[in-house]
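Student: Dumping the structure here so I can ask a few things about it.
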Amino acid sequence: MPGFELFGDKERKEVTDVLSTGVLMRYGFDGARNGHYKALKFEKTLCDITGSAHSHLCSSGTAALSTAMAACGIGAKDEVIVPPFTFVATFEAVLQAGAVPVFGEIDDTLCLNPDRLDAVLTPKTKAVVPVHMCGAMARIDEIKKFCDRNGLILLEDACQSLGATFQGKHLGCFGKAGCFSFDAVKTVTCGEGGAVITDDQTVYDICHQYADHGHDHLGGPDRGADDHPILGTNYRISELNAAVGLAQLRKLDQILTIQRRNKQILKHAMKNLPGITFRHLPDPSGDSATFLSFMLPTEDKARRAAENLAANNVPCPYWYDNNWHYFKKWHHLKQMAGAAPMPAQLCGNLPDYTQVNLPESDAVMKRTLSMQIMLSWTDPDLEKRVAAIEKALTNI
């Protein structure tokens, strides 16, 4: 994703502000800061963009997910419904919480299918974590209704979909909390970073405490005077990372405008190619447009399309064979190959992941390719890309 493509003097200026003070930590040292609070400014800006009441910036998207799970009360023995098409951090955060990942089917949104959630609901289900994959939304209104009907926590993983909306409301704002990633290849980058957004004051307070060793941050400039209402960990972001992200976040509207234009040009060129269908978008106007995801009629044709596109210098991920993003290749999860025994292994309700069968998800992923949308493409670049796509996908 494109944040790194628009990197320049504005990012350097924000970083120089921090380096000039020598204060790299987000807390304390108020007298030396010279008024520079990059993490705080980032959090306020993210709230302004998303309309959320609260935001807490963390060291990574994974840290944000773990922090949000703790703040929402997800823990030992709880079952958490997640999709099989996501980045591995989603289920890693569940396991780190001591909870048990349970995989639901996806549909042609490439996200959890709300019509199939009942099939994996049990008395131990505590939460649903829909992942808004590849820049666009799940059927989040229907997933929210399912959670409300069953008394479940809705925690949105919007790590890949900053700026995307559904019916005018930002993704991440539909549940108890929402999470974003700002790593080196996300829509906006801090280098490494992530954030939790929420409208719940208690959830926010716990996030702020949990990510900083349980500090309540009420001791003023003396961190040693803080109380510790809860046990926590260190998921703090540095002011340097926050500074890069702050400059990037201010470019979000520009990024989305360019992405949407470039994606529309490619999608328009592909719409009449034989056998090509597109990912279903519950609200096309809310797509952040980081990827153009499309389907071929069969697995064989999808594989040939991927080969032809790569041969014509238009490589597209074939997710069904991807090591990071689809359940099929998560051998370490299937074997529970941890560095040490994990709490979830003692729960008594951990599935045998080698026996998990996801035929509907397999049927979608076998046929799906995704084309990354870049900001740096010129009009001649787009013309060449269109010609290459037409050459690669005609008569496959």
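The values are calculated or read from the model by the stated rules, or taken from the named source; none is laboratory data. Treat the numbers as computed from the prediction; the structure is a model and nothing was measured. For neighbour counting, all protein chains shown are included, and Cβ atoms are generated from backbone atoms with ideal geometry for every residue, glycine included. Calculation scope for accessible area: heavy atoms of the full protein, side chains included, ligands and nucleic acids excluded. Shrake-Rupley method; radii C 1.70, N 1.55, O 1.52, S 1.80 Å.
Student: Cβ-Cβ distance below 6 Å, separation of 6 or more or different chains: which pairs start in the stretch 88-100 with a residue that is farther than 20 Å from His132 by Cβ and open to solvent by 10 Å² or more (accessible area, probe 1.4 Å) and end on one that is modelled with pLDDT of 95 or more and of a type in the set (A, V, I, L, M)?
Tutor: From the stretch 88-100, the pairs are Ala97/Met69; Ala97/Ile74.
Student: With respect to Leu350, is the statement that it is farther than 21 Å from Gln160 by Cβ, open to solvent by 30 Å² or more (accessible area, probe 1.4 Å) and in contact (Cβ under 8 Å) with a residue 40 or more places away in the chain true?
Tutor: Against the criterion (farther than 21 Å from Gln160 by Cβ, open to solvent by 30 Å² or more (accessible area, probe 1.4 Å) and in contact (Cβ under 8 Å) with a residue 40 or more places away in the chain), Leu350 qualifies.
Student: Has the stretch 275-284 got at least one residue that is surrounded by fewer than 16 Cβ atoms within 10 Å (Cβ to Cβ), modelled with pLDDT under 95 and of a type in the set (S, T, N, Q)?
Tutor: No, the stretch 275-284 contains no residue that is surrounded by fewer than 16 Cβ atoms within 10 Å (Cβ to Cβ), modelled with pLDDT under 95 and of a type in the set (S, T, N, Q).
Student: I would also like to ask the following. Looking for whichever is in contact with a strand residue (DSSP E or B) (Cβ under 7 Å, 6 or more places away or on another chain), open to solvent by 30 Å² or more (accessible area, probe 1.4 Å) and of a type in the set (A, V, I, L, M) here; the options are Leu24, Leu19. Which one fits?
Tutor: After ruling out the rest, the residue left standing is Leu24.
Student: Still on this structure: Out of the residues in the stretch 145-175 meeting the condition of being among the small types (Gly, Ala, Ser) and over 13 Å from the mean Cα position of the chain (by Cα), tell me which one is farthest from Asn113 (Cα to Cα).
Tutor: It comes out as Gly168.
Student: What's the total number of residues in the stretch 304-327 that are loosely packed, with under 15 Cβ neighbours inside 10 Å and either touching a Cys at 6+ places or on another chain (Cβ under 7 Å) or among the aromatic types (Phe, Trp, Tyr) (or both)?
Tutor: 1
Student: Determine whether Glu14 is of a type outside the set (Lys, Arg), modelled with pLDDT of 95 or more, in a helix (DSSP H, G or I) and in contact with a strand residue (DSSP E or B) (Cβ under 9 Å, 6 or more places away or on another chain).
Tutor: Spelling it out, it is not the case that Glu14 is of a type outside the set (Lys, Arg), modelled with pLDDT of 95 or more, in a helix (DSSP H, G or I) and in contact with a strand residue (DSSP E or B) (Cβ under 9 Å, 6 or more places away or on another chain).
Student: Related question: Taking the stated definitions as given, is Ala363 in a helix (DSSP H, G or I), open to solvent by 40 Å² or more (accessible area, probe 1.4 Å) and over 26 Å from Phe85 (Cβ atoms)?
Tutor: Here the answer is no, as Ala363 does not meet what is asked.
Student: From the list Ala306, Ala310, pick out the single residue that is more than 17 Å from the chain's Cα centre (by Cα), more than 19 Å from Ile106 (Cβ to Cβ) and without any contact (Cβ under 8 Å) to a residue 24 or more places away in the chain.
Tutor: Of the residues listed, the single one that is more than 17 Å from the chain's Cα centre (by Cα), more than 19 Å from Ile106 (Cβ to Cβ) and without any contact (Cβ under 8 Å) to a residue 24 or more places away in the chain is Ala310.
This table checks each residue for (1) part of a strand (DSSP E or B); (2) aliphatic (A, V, I, L, M); (3) within 20 Å of the chain's Cα centre (by Cα).
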position	(1), (2), (3)
Met69	no, yes, yes
Gly73	no, no, no
Lys77	no, no, no
Phe91	no, no, yes
Gly98	no, no, no
Leu110	no, yes, yes
Thr122	no, no, no
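Student: For Arg116, work out the one condition from (1) farther than 16 Å from Asp283 by Cα; (2) in contact (Cβ under 8 Å) with a residue 24 or more places away in the chain; (3) out of contact with any Gly (no Cβ under 9 Å at 6 or more places or on another chain) it doesn't fulfil.
Tutor: Single failed check for Arg116: (3).
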